[in-house]
Structure formats: C-alpha cells, structure tokens
Amino acid sequence: MADNVTPRVRVPSSASAGEDITIKTLISHPMESGQRKDKEGNTIPRSIINRFVTTFNGETVIDVTMEPAISTNPYFEFVSKVPESGTFEFTWYDDDGSVYTESKDITVE
Amino acid sequence: AIFLPRIGWADATTDAIAEFTGGADLTEGGALKLTAPEIAENGNTVPIEVDAPGAEAILILATGNPNPDVGTFHFGPLSGAQMASTRIRLAGTQDVVAVAKMADGTFQRASQEVKVTIGGCGG
C-alpha cells in the first residue's frame, strides 16, 4: 500500500471554442518496480500504478497502460479537445486495488 | 536503426512489438516522432515525448531494461493531438523504441539511443 498518494492536475479553467488544451498530471507514488532488493537481499515486491485514464464529460481523452519502467511520481502531459464546457475526470489504478481520482471543470467561452 | 543489445533483451523487445502489431510490417520515418535526451545523467527519470498525428496508440519500449515494457498510450476520441510526454526509468545506455498504431491499421517505428550515466533500475 502506497502512502500519501496525492494527484495533482493542471488544467486551464477556461478555453475558447475549438481550442485544444494541454493537461499536465503528476501523482505522488513510489512506483516500486519489483526489481529492487532490501538490505537483507529480499526482493521488494512490485507496487505500481498500472493504468491512468482521462475522460471529459464521459468520453476518453487518453488511456495509458503503465509498467514498472514509468518513473516514481508518474507524470503525463497530453492534449485534449474541449467541445463544450464540462468536467475532466482523472483516474489512476494501483496494483493494490486502490483507485485515485481527481476532477477539474473547464468553461468554454 | 541497428539493434545490438544483449540477446535475451532483444528477444523480449521483438516479442513485445509482435504482440502490439500482431506481426504486421513496421515502417520507419513516418509521422511518428520520439524525442528523448541523447545523454541522461539520471536513469531514474528520463523525459521522453512521443508524437504521431493520427495514431490510435503508441507503445514505448526500453530495449535494455530487465523488462522492456514501459507503457502504451491509447488516444481516445477527445485526444486533441496524438502526443504525450512522461518520465521513464532506464537501467543503462540503450535504445528507446516507440511503435505507433495508425488509424489506417499500419504501424510505424522510431528509436533513439539514450546514454545513461547512472542506471535507474538498481537496488
């Protein structure tokens, strides 16, 4: 179980009609790879976030399959269409079954 | 690109690509761009960017890692541009490979060597 998992998302609060926006996301997580050993030489079990999904008003923007080679505190930057005002939902899925979510509203002017 | 990593790893990379493409042919030098540093001081966090206008999905592989799989970006209907940036772990100097599945069902491949000063899979 990863402690203190905190998602952070940067989305502009407004956009003009037809504009594509850049989204940046970061989530604090050790992304324990399953390759490392502790002081006694025992393998530290894998514990990572294995999937990250962003939707806008229920439609998919990006869906990322993640392996242990994604760095600690996974960071993603990508581009979204914003056809109307609405809400982005960001979801991270942990190996241990935990699900972390964040949402952001945006107004199209 | 020339592929000369250690044998078992090359096979794992070939297998991962075959699984993604279903054995389809790959073209080089199309719309797919892979951006990675030539030299990374710290293999624990190496910034990469992939960009393939019109792609449905992009697979990332680190050919010299114990397991070459890094991740796959699937672009949905609201993707504004089929590009993404992230940070990855590289165990040592190696080729990073991206394979894009285009909307017409074809596949493109791009690779870049990254020289790593301090590896990112240690323990």
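When B:E49, B:E38 are screened for being in contact (Cβ under 8 Å) with a residue 12 or more places away in the chain and either within 14 Å of the chain's Cα centre (by Cα) or within 11 Å of chain A (Cβ to nearest Cβ) (or both), only B:E49 passes. Among residues of the stretch A:7-43 being of a type in the set (D, E) and open to solvent by 70 Å² or more (accessible area, probe 1.4 Å), the one that is farthest from the other protein chains (Cβ to nearest Cβ) is A:E40.
For the stretch A:57-75, the condition holds for at least one residue, the condition being that it is open to solvent by less than 60 Å² (accessible area, probe 1.4 Å), facing another protein chain (nearest Cβ under 9 Å) and aromatic (F, W, Y). Looking only at residues in the stretch A:44-56 that are among the hydrophobic types (A, V, I, L, M, F, W, C) and closer than 17 Å to A:Y100 by Cα, the one that is nearest to the other protein chains (Cβ to nearest Cβ) is A:F56. Of all the residues in the stretch B:69-92, those that are open to solvent by 20 Å² or more (accessible area, probe 1.4 Å), part of a strand (DSSP E or B) and over 19 Å from A:T60 (Cβ atoms) number 2. The residue that is surrounded by the fewest Cβ atoms within 10 Å (Cβ to Cβ), counting only those in the stretch A:83-107 that are in contact with a Ser or Thr (Cβ under 9 Å, 6 or more places away or on another chain) and in a loop (DSSP other than H, G, I, E, B), is A:D96. Any idea which of B:A31, B:A55, B:A1, B:A24 is closer than 28 Å to A:E19 by Cβ and modelled with pLDDT under 95? Being closer than 28 Å to A:E19 by Cβ and modelled with pLDDT under 95 holds for just one of B:A31, B:A55, B:A1, B:A24, which is B:A31. Entry remark, the stretch B:20-34: residues being open to solvent by 60 Å² or more (accessible area, probe 1.4 Å) and of a type in the set (V, I, T) number 1 in total. In the stretch B:5-13, the condition of being in contact (Cβ under 8 Å) with a residue 24 or more places away in the chain and more than 20 Å from A:S33 (Cβ to Cβ) is met by at least one residue.
The values are calculated or read from the model by the stated rules, or taken from the named source; none is laboratory data. Just so you know, these numbers come straight off a predicted model, no measurement behind them. FYI the Cβ positions are ideal-geometry reconstructions off the backbone, even for glycines, and counts take in every protein chain you see. Heads up: the accessible areas ignore ligands, DNA and RNA and are worked out on the full protein's heavy atoms, side chains in. Shrake-Rupley method; radii C 1.70, N 1.55, O 1.52, S 1.80 Å.
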